[in-house]
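Below: the structure, in structure tokens.
The values are calculated or read from the model by the stated rules, or taken from the named source; none is laboratory data. Worth saying up front: this structure is predicted, and the values here are computed from it rather than measured. Cβ coordinates were reconstructed from backbone atoms using ideal geometry, including for glycine residues, and neighbour counts include every protein chain displayed. When the accessible area is computed, the model is the full protein with side chains, heavy atoms only, and any ligands, DNA or RNA have been set aside. Shrake-Rupley method; radii C 1.70, N 1.55, O 1.52, S 1.80 Å.
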Amino acid sequence: MKKLIVYYTRTGITAEVARLLNKELGGELEEIKDTRNRKGVLAYLQSAMEAALKKQAKILKTKNDPGEYDLVVVGTPVWSHNMSTPVRAYLEENKTSFKNTVFFATCGSTGASKTLRDMENICGKKARPLLEIKKTDMKSGKYQEKVKQFVRDLQT
Ligand SMILES: Cc1cc2nc3c(=O)[nH]c(=O)nc-3n(C[C@H](O)[C@H](O)[C@H](O)COP(=O)(O)O)c2cc1C
């Protein structure tokens, strides 16, 4: 079974979860890159506003064709209770190519469940399992067990 894990990250948290997922699940790992500088307060506010408006960022062409994979795992940070704008762009671009997708989201504290539902809605079908990681999970190390459970659920 060919697996692809795709994620966007601004400050490295979603990347850390994606790397652990990759270690546990195997497959290819790919980062979505966008063309914007997301550093600083102004960029933070713009990112928050654009995510709330459900805008799509301009992203660089990804190297792996998701249509060639049996399973694509897509991860996003939560921005304003929405998926990040680069991940929205990736899903919109590739939603007709996916065979099977599951999703994960990292957040400070709230908005992950709604974000994961929105990701399902873009792709037009229920995705199970789903994985939500909060800041407290990262701090306590609980995210590691959550990732392992997610992978076990995927494999049953
Ligand atoms: C523009 C912006 C908006 C955010 N909005 C939320 C939010 O609505 N709820 C939340 O819990 N965290 C929010 N966060 C925090 C991020 O979701 C969280 O820190 C995430 O794990 C960062 O992942 P990353 O390091 O991969 O970028 C926001 C962060 C940014 C940059």
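Restricted to the range 26-52, and to residues there that are closer than 24 Å to VAL73 by Cα and among the hydrophobic types (A, V, I, L, M, F, W, C), the residue that is nearest to the ligand (Cβ to nearest atom) is ALA48.
Picking from residues in the range 79-119 that are surrounded by 18 or more Cβ atoms within 10 Å (Cβ to Cβ) and over 21 Å from ALA48 (Cβ atoms), the one that is farthest from the ligand (Cβ to nearest atom) is PHE98. Quick one: in the range 32-61, of everything that is more than 22 Å from THR115 (Cα to Cα) and of a type in the set (S, T, N, Q), which residue is least open to solvent (accessible area, probe 1.4 Å)? Going through the qualifying residues, I end up with THR35.
Screening the range 16-25 for residues that are within 11 Å of the ligand (Cβ to nearest atom) and closer than 19 Å to THR101 by Cβ and picking the one that is surrounded by the fewest Cβ atoms within 10 Å (Cβ to Cβ) gives ALA18. Restricted to the range 121-156, and to residues there that are β-branched (Val, Ile, Thr) and more than 17 Å from the chain's Cα centre (by Cα), the residue that is least open to solvent (accessible area, probe 1.4 Å) is THR136.
Would you confirm, using the coordinates I've provided, whether ARG10 is open to solvent by less than 80 Å² (accessible area, probe 1.4 Å), within 10 Å of the ligand (Cβ to nearest atom) and more than 22 Å from GLN149 (Cα to Cα)? No, not satisfied.
Would you confirm whether any residue within the range 65-75 is without any contact (Cβ under 8 Å) to a residue 60 or more places away in the chain, crowded, with 21+ Cβ neighbours inside 10 Å and under 28 Å from LYS135 (Cβ atoms)? The answer is no, given that none of the residues of the range 65-75 is without any contact (Cβ under 8 Å) to a residue 60 or more places away in the chain, crowded, with 21+ Cβ neighbours inside 10 Å and under 28 Å from LYS135 (Cβ atoms). Here THR76 meets the list (1) more than 13 Å from the ligand (Cβ to nearest atom); (2) of a type in the set (Val, Ile, Thr); (3) under 17 Å from LEU4 (Cα atoms) almost entirely, failing just condition (1). Only one of these is touching a residue at least 40 places away in the same chain (Cβ under 8 Å) and more than 13 Å from ILE5 (Cα to Cα): SER84, SER97, SER109, SER113. Name it. Exactly one residue qualifies, and that residue is SER84.
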